[in-house]
Amino acid sequence: MDHAELQRLVDQADDAALLRAVDGLAASREWDLLETLRERCEQAVEMGRQLWGVAMHVDYRLAWEGPAAHAARAVERGSSRFTLGPLTEVASSTHEWAALEVHLRDPVVRATVAQERALRGEDLRGDASLAAYASLPAAVYRWEPDYALPVYRDRAAKFAQPDAAFRHVPLTAAGGSASEPFDDEATDALRDVVRTWWTQSAGRGAALGVEGDAAGAVRALRGERPGGFGLMAVESAEGLALLQWAGASGGAYGPRPGGAAGRFAAWWAAAALTGLDWPERVDDVFAGELGAACAQLRWYRWAGTEPDTGWTLRLAIEDPTDGLAWCLEAVDQREDEEA
């Protein structure tokens, strides 16, 4: 395929033919021609042809399977709104830091990519260029879980859930004690984890705190809802894995924030739950304090009689030292999943 053929396809504005051309150029590793196709699709948009979707798909393919230089350019263009995931995450799923970082110029993009690579096992805390823009240390600590990471493909992606999400929660006649519900920094942080589900998708959710135990917090959140509920204890690392998964997801329709954003949301919520002040710079010392504090909390998944369909997060967290507990419920689903 030459430049004239590419222009003919663009002029015809045939999305299906253009996507076949993208497949062919990627299969034959003609990355420069793929860049040219993207540029011409973008120019066509300015002329009134609706080819922005093709242009974004080209950026996705370049980020996912292109050489590091092409992937980095696609990431820095930032056209992720209608791709399967943020291009920082897409490129990081298939390219190591050493290959990408020499081509990344934007410091915020560099820091985000480094965070994504940290989720995949790289320890980049020694890279001084990241310090000023890093929201978290670019390494996963021993007290953290193995986070559930997506697997991207050419036109699809698989978004895994943490193992704890699949364990059955038996319904029990749970008692529980609780004061009147309250809002605090912890409830705000828990809502922030899943805020995309109801601000940019079709979901709903609620969080509250009580003086009491986890069962009392769940009972306070459920109110007069019929049916019982059950609690299942999980490790603190599993609770963080669930929070990270939810924070990384856009729910049924929202744009996916990505793994790095999900990890930050989980840490922010954990700091609020444990009462730790967020430092100006998150370092190894704070990380150690947070891990130890999380281990002192009691973490639970909970379930009611309602079926878990689509995107569901039901967590309860108890602080036995201060006699406080918090509960979060967030659900989202596609229209074709509704009963």
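Brief remarks on what is shown
- Values of log10 I(q)/I(0) for region 50-138 across q = 0.23 Å⁻¹ run -1.06, by the Debye formula with one identical scatterer at each alpha carbon and no solvent.
- In region 183-238, Rg over Rh equals 0.99, where Rg is the alpha-carbon radius of gyration and Rh the Kirkwood radius from pairwise Cα distances.
- Computed log₁₀ I(q)/I(0) - Debye formula, equal Cα scatterers, no solvent, region 223-298, q 0.16, 0.22 Å⁻¹: -0.70, -1.02
- For region 131-172, the square roots a ≥ b ≥ c of the C-alpha gyration tensor eigenvalues yield an a/c of 1.5 or more together with a/b not exceeding b/c, which makes the shape oblate.
- Using a probe of 1.4 Å on the protein chains alone, the accessible area found for D184 is around 50 Å².
- With every protein chain in place, the chain: carbon and sulfur % of accessible area (1.4 Å): 49 percent
- Residue-wise HN-Hα coupling along region 48-62, computed from phi with Karplus coefficients 6.51, -1.76, 1.60 (Hz; x: Gly, Pro): x, 8, 7, 10, 5, x, 5, 4, 5, 5, 4, 4, 4, 5, 5
- Cα-based convex hull volume of region 15-76 per residue, rounded to whole Å³: 67 Å³
- Accessible surface, per residue, of region 186-271 when the full set of protein chains is kept, probe 1.4 Å, Å²: 32 Å²
- Listed residues E116, E46, E306, E280 arranged by accessible area, highest first, probe 1.4 Å: E280, E46, E306, E116
- Given the choices (1) 6, 27, 32, 20, 11, 4, 1, 0; (2) 5, 20, 23, 17, 14, 10, 5, 3, 2, 1, 0, 0; (3) 6, 24, 28, 21, 13, 6, 1, 0, P(r) over Cα pairs in 10 Å bins from 0, in percent derived from the coordinates of this structure is entry (3).
- For region 208-339, the Cα-based Rg and Dmax, in that order, read 15.5, 48 Å.
- Protection proxy ranking, highest mean first, for peptides 130-136, 165-171: 130-136, 165-171, where packing is the per-residue count of other beta-carbon atoms within 10 Å, averaged.
- The fraction of Cα-Cα pairs per 10 angstrom bin, counted from 0 for region 71-191, comes to 11, 31, 30, 16, 10, 2 percent, rounded to whole percents.
- In the context of the full set of protein chains, region 1-54 has a per residue accessible area of 55 Å² (1.4 Å probe).
- Dividing the mean sequence gap of close Cα pairs (under 8 Å, 6+ apart) by how many residues the chain holds gives a relative contact order of 15 percent.
- 14 Å tail of the calculated P(r), region 276-322, as % of Cα pairs: 64 percent
The values are calculated or read from the model by the stated rules, or taken from the named source; none is laboratory data. Since this is a predicted model, take the numbers as computed values, not measurements. Glycine also receives a Cβ, built like all others from the backbone with ideal geometry; neighbour counts cover every protein chain displayed. The area values use the complete protein model at the heavy-atom level, side chains included, leaving out ligands, DNA and RNA. Shrake-Rupley method; radii C 1.70, N 1.55, O 1.52, S 1.80 Å.
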